[in-house]
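Report on the structure given below.
The values are calculated or read from the model by the stated rules, or taken from the named source; none is laboratory data. Keep in mind the model is a prediction, meaning the values are calculated, not measured. Cβ placement follows ideal geometry from the backbone for every residue including glycine, while neighbour counts extend to all protein chains displayed.
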Amino acid sequence: MKAWPGFVKIKMLHRAGGTILLPEVVIVGGAGNQWVQPQFVHAPLLHFAGDGPSATIWLAALDHSSQHPGGLECELTFKRSDRCAGLADRSEVYHCHVETAHSPAQLSVGSARVRTDGGIDVRLYHHTAQEALRLIHDSRHVRGSSWNYQGTRELTNVSYAYFTSMRSVSTEADLQSIAMASSGRIGLRLDTNRSSDPDLLLDVYRASTRDRKATLGLWVPGELISTPHIWQHAGLSIQYEVTHPWIYRVGLQPDAHLDFLGDHATPDPGSLKHFDYAVIGDSTTMVGLAAPFDEENTSETFVVEDLTETNLFDFWRDHSNAQLHTPPSATQTFRP
């Protein structure tokens, strides 16, 4: 095992009966550009003794080689005094240490960088057809899509600019990683299913790799990216899984677009749309298994806690005995 200096962009999430500290982006190697994408996250351990509050979070990073479907294990540690910034999406950025048996190159899914204001930009890609890419370059913006993750229902109060950290989409597995399939279906399994047979065949957007040969690469501020949906897994301990770790979407007003200049996303602030909740699906049930894709089952949600005037350590200490979960005040709406 080796400890690497790094940075973590993190959110505090609450649902009835539980709290999740969700590392959204991890940079390994100091201020370098090795971007680690957490896929599985365990319950955090907060310490309030000694030389100041600290946190330990165990996670499994997304394996870009696909050789480890359970992820690459890491341990994050950071202190309250390591805080670098609080961002507009209610996340915080901390200096951290990443202890792992894997090298930064093995862990990395792409490039990221720390800005002078303490925020983190990530390198993302929009894959499309060649003619569409020409129109994107001519207009200098990416148009928002009204389709949900599943690609089967239209949203009425938000659109999304869709991106991925994958540099190319060339195989059927790549398509399924971004919630598409040439067959129009993706198979999902319950936690109790130890076979390779799916419990649920989910309808998704039917697509071909032929339509994803042209690529736009952009630096996107991490605080523009929507909070990912999560599956909760049963077992000896509760484990949370980011359900779409290869998908990143920027919320926009209906019919709005995401501007860029050169290879930098430069959106008009008035075009952005943000929700302070996301779906958490119980992967022991069929409804929970499907929830992060169809997004209509908003009864299974967590709320992103507002740490604008505080930090996750002080918030937890001040509210540890309070009922923290409240229903989201604004949610996505779908066309009938």
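Does segment 238-257 contain at least one residue that is basic (Lys, Arg) and either modelled with pLDDT of 90 or more or under 15 Å from the mean Cα position of the chain (by Cα) (or both)? So far as segment 238-257 goes, yes, one or more of its residues are basic (Lys, Arg) and either modelled with pLDDT of 90 or more or under 15 Å from the mean Cα position of the chain (by Cα) (or both). Of all residues in segment 69-92, those being under 16 Å from the mean Cα position of the chain (by Cα) and among the charged types (D, E, K, R) number 3. Can you tell me which residue is surrounded by the most Cβ atoms within 10 Å (Cβ to Cβ) among those in segment 66-86 that are part of a loop (DSSP other than H, G, I, E, B) and touching a residue at least 24 places away in the same chain (Cβ under 8 Å)? For segment 66-86, the residue satisfying everything is Gly71. Within segment 258-267, being outside any strand (DSSP E or B) and touching a residue at least 40 places away in the same chain (Cβ under 8 Å) holds for Asp263, Pro267. Among the residues making up segment 231-260, none is in contact with a Phe, Trp or Tyr (Cβ under 7 Å, 6 or more places away or on another chain), surrounded by fewer than 20 Cβ atoms within 10 Å (Cβ to Cβ) and small (Gly, Ala, Ser).
Selection of segment 117-144 for residues being polar (S, T, N, Q) and at pLDDT below 95 yields Thr128, Gln130. Answer with yes or no whether Phe293 is surrounded by 16 or more Cβ atoms within 10 Å (Cβ to Cβ) and part of a helix (DSSP H, G or I). Answer is yes for this residue. Within segment 134-181, the residues that satisfy the criterion of being among the charged types (D, E, K, R) and assigned to a loop (DSSP other than H, G, I, E, B) are Arg140, Arg153, Arg167. Scanning segment 211-237 for residues that are under 20 Å from Ala161 (Cα atoms), over 16 Å from the mean Cα position of the chain (by Cα) and not hydrophobic (A, V, I, L, M, F, W, C) yields Asp211, Arg212, Lys213, Thr215, Gly217. When segment 95-151 is limited to residues that are touching a Ser or Thr at 6+ places or on another chain (Cβ under 8 Å) and small (Gly, Ala, Ser), the one that is nearest to Val28 (Cα to Cα) turns out to be Gly110. Among the candidates Gly270, Gly217, the residue that is modelled with pLDDT of 95 or more and part of a strand (DSSP E or B) is uniquely Gly217. Residues in segment 20-52 that are surrounded by fewer than 19 Cβ atoms within 10 Å (Cβ to Cβ) and either over 14 Å from Ser103 (Cα atoms) or hydrophobic (A, V, I, L, M, F, W, C) (or both): Ala31, His42, Ala43, Leu45, Leu46, His47, Phe48, Ala49, Gly50, Asp51, Gly52.
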